[in-house]
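See below for the structure under consideration.
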Amino acid sequence: MAENYDTQRLIKADRARERTRKIIVYTFLVIWALFVLFPFYWMILTSIKSYSSYNSEYIPRFIATQPTLQNYVDAFTTVSLGRYFLNTAFFTVVTTAVMLVVITLAAFAFARLEFKGKNLVFALFLSLMMIPNELVIITNFVTITDWGMRNTFWGLILPSITSIFYIYLLKENFESIPEELYKAAKVDGTSDFKYLLKVMVPICRPTLITVIILKVIECWNSYVWPRLITDDAAYYLVSNGIQEIRENGFGRENIPAMMAAVVVISVPLIVLFLIFHKKIMAGVSRGGTKG
């Protein structure tokens, strides 16, 4: 009886400790979530306040007493936010599609093909990741300017159609596929290109989806290069178009209207991440695992 009593007491003590640990962990997570989500809440809250209501608040209010959607209407009627959206969508789709072809072929070559100096070339590729982006931007700017591609979509797109990191990530995935499949396909007379499309791409689809999503986010948030290579508003993307809106659209003092434009720009990426966040994590974790 004494042993059973001691056992039950230990079990209850363990459960109490586990319950306490969970309470502490979840409390910390809730507090951290509030810190992370508060800027988004404040952005949305400000966007539904009228200009006069916002300026009359000597002490900021955490609720909107008279919410309005007029700021969102102004974001598309007063300024060229719709055109910036179309420019960004075209830039994102074309850049992502071309980059996907380039990195897939490059990763396949490094993973399965045998050619002289392959390891040296790949090592040189990886070393390029250590070069500061500022140096790359200067080189790209000079090249695009010499080619007469300033204020063109191709000038925006060409420097972004490859990524050493994505090539490395995809190469690791390709190498995790048993080489026996490749040898068997070659015995059957399957070409390298057909093997890539019919076998490797379907198996590595989670990683490809991850790369696509990350590239879309990267293109959507691109700021420095578009700002540098374009000074024509007809080629502005949403990231640098928002600066034009601030300077020559709503003006510096109309914060609610600016916040409405920022919300509109942010929504596509937030929705994309919420829908595909599991695939992103699965693809990244798969990229770091071989065998």
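Values quoted throughout were computed directly from the atomic coordinates according to the rules given, and no laboratory measurement underlies them. This one's a predicted model, so the numbers in the text were calculated from it and none came from an experiment. No Cβ is skipped: glycine too gets one built from the backbone with ideal geometry, and neighbour counts run over all protein chains shown.
A few points about this structure:
- Among 273, 90, 38, residue whose mean-square fluctuation peaks in a GNM of the chain (springs only between Cα atoms under 10 Å): 38
- Residue-averaged 222 nm ellipticity for the chain, from DSSP H runs of 4+ at -39500 (n - 2.57), nearest 500: -23000 deg cm²/dmol
- Listed cross-link partners 171/215; 171/278; 118/183; 49/278; 183/278 are compared with a 23 Å cut-off, the Cα-Cα value being larger for 49/278; 183/278.
- Distance between modelled label sites at residue 8 and residue 40, nm, 7 Å Cα→Cβ extension: 4.8
- Residue order, fewest to most surrounding Cβ atoms within 10 angstrom, among 102, 224: 224, 102
- Here the Karplus relation 6.51 cos²θ - 1.76 cosθ + 1.60, evaluated at θ = phi - 60°, turns the backbone of segment 30-39 into coupling constants of 5, 4, 5, 4, 5, 5, 6, 7, 4, x Hz, with x for every Gly and Pro.
- Most mobile of 159, 39, 268 in a GNM of the chain (Cα contacts under 10 Å): 39
- Of 149, 259, 130, the residue with the greatest mean-square motion in the GNM of the chain, using alpha carbon springs below 10 Å, is 130.
- Applied to segment 164-178, the Karplus parametrisation 6.51 cos²θ - 1.76 cosθ + 1.60 on θ = phi - 60° returns per-residue 3J(HN,Hα) values of 5, 5, 5, 4, 4, 4, 6, 4, 4, 5, 4, 6, 6, 7, x Hz, with x for Gly and Pro.
- Loop-located trypsin sites (Lys or Arg not before Pro) in segment 76-144 (DSSP state not H, G, I, E or B) with no more than 14 neighbouring Cβ atoms inside 10 Å: 116.
- Net charge of Cβ neighbours under 12 Å - reference residue 92; Lys, Arg +1; Asp, Glu -1: 0
- Principal axis dimensions, largest first and in whole angstrom, of the chain by Cα: 90, 76, 32
- Loop exposure criterion: GluC sites (Glu not before Pro), DSSP state outside H, G, I, E and B, at most 13 other Cβ atoms within 10 Å. Applied to the chain, the longest stretch between such sites is 115-252.
- Note on residue 217 and residue 125: their simple-model spin labels are 2.3 nm apart, each label 7 Å out from Cα toward Cβ.
- For residue 24, net neighbour charge (Lys/Arg +1, Asp/Glu -1) across residues whose Cβ lies under 12 Å away: +3
- Projecting label points 7 angstrom from Cα along Cα→Cβ for residue 269 and residue 143 puts them 2.5 nm apart.
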